[in-house]
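Each reported figure results from applying straightforward, stated rules to the coordinates on display, with no laboratory input. Everything numeric here is computed off the predicted structure, so don't read it as measured data. All Cβ positions, glycine included, derive from the backbone under ideal geometry; neighbour counts span all protein chains shown.
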Amino acid sequence: MSRQNSKKIYITDNDMNRLEELLEVAGSGGSRDDKHLEELARELERAEVVESTEIPANVITMNSMVLLKDMESGEERQYTLVFPRQANIEQNKISVLAPVGTAMIGCRIGHVITWNAPAGQRKMRVEKILYQPEAAGDYHL
């Protein structure tokens, strides 16, 4: 999983605190998600942390609803980036621990995200952010 040209990513202080807590709790159990936890930890290490009130509206934060375009098929899909407990593929709620979820966090509109899926490498471009909690004034989701 990577981002094209390893573009700078931004994460809110609130999301960073909750994601670090998730890593700590999930990492203590020796779970099957260890690889995903390591990927998320690497993404967080390179992120610039900003206050929730300062995050640009074109950045994917936790609980953001986004429109992604598959670079191969041209198909557009709508996803909401959530914490693992809220994940539900039928509702297009993607866990931040899923490869695509980890790749999404902190990206901006126009970024191309790449990750390894069972069927091979996938690339999607962030087309639109349909809802971002911080832009809507919802700082405590």
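For this structure, a couple of remarks:
- Placing +1 on the Cβ of every Lys and Arg and -1 on the Cβ of every Asp and Glu, with nothing else charged, gives segment 2-131 a dipole about its Cα centre of roughly 460 debye.
- Magnitude of the charge dipole, segment 92-141, Cβ model with Lys/Arg +1 and Asp/Glu -1, debye to 20: 260
- In this simple spin-label model, placing a label point 7 Å from the Cα along the Cα-to-Cβ direction at both residue 25 and residue 46 gives a separation of 2.8 nm.
- Sequence-distant residues sharing a close amide H with residue 9 (under 5 Å, placed H): 48
- Rg over Rh, two decimals, segment 79-141 (C-alpha only, Kirkwood Rh): 0.97
- Projected area averaged over orientations for the chain, convex hull of C-alpha atoms, nm²: 8.0
- Computed E for residue 90/residue 138 - FRET, C-beta separation, R0 25 angstrom, nearest 0.05: 0.60
- Segment residue 130-residue 73, extension gain: residue separation times 0.36 nm, minus the distance between their alpha carbons: 18.4 nm
- Highest GNM mean-square fluctuation among 120, 106, 74, for the chain modelled with Cα contacts below 10 Å: 120.
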